[in-house]
1. What value, in deg cm²/dmol to 500, does the helix sum -39500 (n - 2.57) over DSSP H runs of n ≥ 4 give at 222 nm once divided by the residues of the chain?
2. Between segment 12-48 and segment 92-157, what's the alpha-carbon centroid distance in Å?
3. At a 1.4 Å probe radius, which order do K29, K102, K62, K84 fall into by accessible area, largest first?
4. Residues with amide H under 5 Å of L74's amide H, sequence separation 5 or more or different chain, H placed in the peptide plane at 1.01 Å from N; which?
5. Counting other Cβ atoms within 10 Å, keep those with at most 15, restrict to DSSP loop, and tell me which GluC sites (Glu not before Pro) in segment 33-105 are left.
6. With θ taken as phi - 60° and the coefficients 6.51, -1.76 and 1.60, list the Karplus ³J(HN,Hα) couplings across segment 139-153 in order, rounded to whole Hz; mark glycine and proline as x.
7. Heads up, I need the accessible area for L106: 1.4 angstrom probe, whole protein in place, Å², nearest 10.
8. Using a Cα distance threshold of under 20 Å, what count of lysine pairs results for segment 5-157 when pairs must be 8 or more residues apart or interchain?
Amino acid sequence: MIDKSKVACFSGHRRLPQDCEELRAKLKKEIVSLIERGVVFFGAGGAWGFDILAEETVLQLKEDYPHIRLVLVLPCPPDQQTMKWSADQRQRYYEILERADKVRILSPQYTNDCMLARNRHLVDNSAYLICYLRERRGGTAYTVRYAREQGLDIIRL
């Protein structure tokens, strides 16, 4: 069993600002801060948008911090999760998938609640949540509320 104090997860919207370099810089700064506090495992759900940005940032930081690990917790098989994505989006996703340290698929097929199950799994196994939250409803808002209820340290970008 992994010590949750060494685990952080991500949640954020699929739509990001047109120029997300400022968001990427803030995200990188917060991840480095957590690494310096002893976090080793970073869990993400493979969704388009903020998840992909976070996953790519963790993989980039592995060059300077080779001990950190990217753990993908997917709601369903990759071909089902990316069914409506563009070819470019799928290519980025599969590149991340190949470089992740661990991949866990929660459901053998897409279901109406598999995304919710993924979000809850990430929160239930983490001490920290780094989030990009701009809306009061939706999956990210639910995940942040759930993380607060579970006592996670929430880092809002």
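1. -13000 deg cm²/dmol
2. Going from one Cα centre to the other spans 12 Å.
3. So, going from the largest accessible area down, we get K84, K29, K102, K62.
4. Close amide H contacts, sequence-distant or interchain: R104, I105, L106.
5. Loop-located and lightly packed - E63.
6. My calculation for segment 139-153 gives x, 5, 4, 4, 5, 5, 4, 4, 4, 4, 4, 8, x, 5, 7 Hz in order.
7. Spelled out: L106, probe radius 1.4 Å, area about 60 Å².
8. The result is 8.
The values are calculated or read from the model by the stated rules, or taken from the named source; none is laboratory data. Fair warning: this is a prediction, and the values are worked out from it, not measured in the lab. Backbone-built Cβ (ideal geometry, glycine too); neighbour counts: all protein chains shown. Side chains are part of the model used for accessible areas, which takes the heavy atoms of the whole protein and leaves out ligands, DNA and RNA. Shrake-Rupley method; radii C 1.70, N 1.55, O 1.52, S 1.80 Å.
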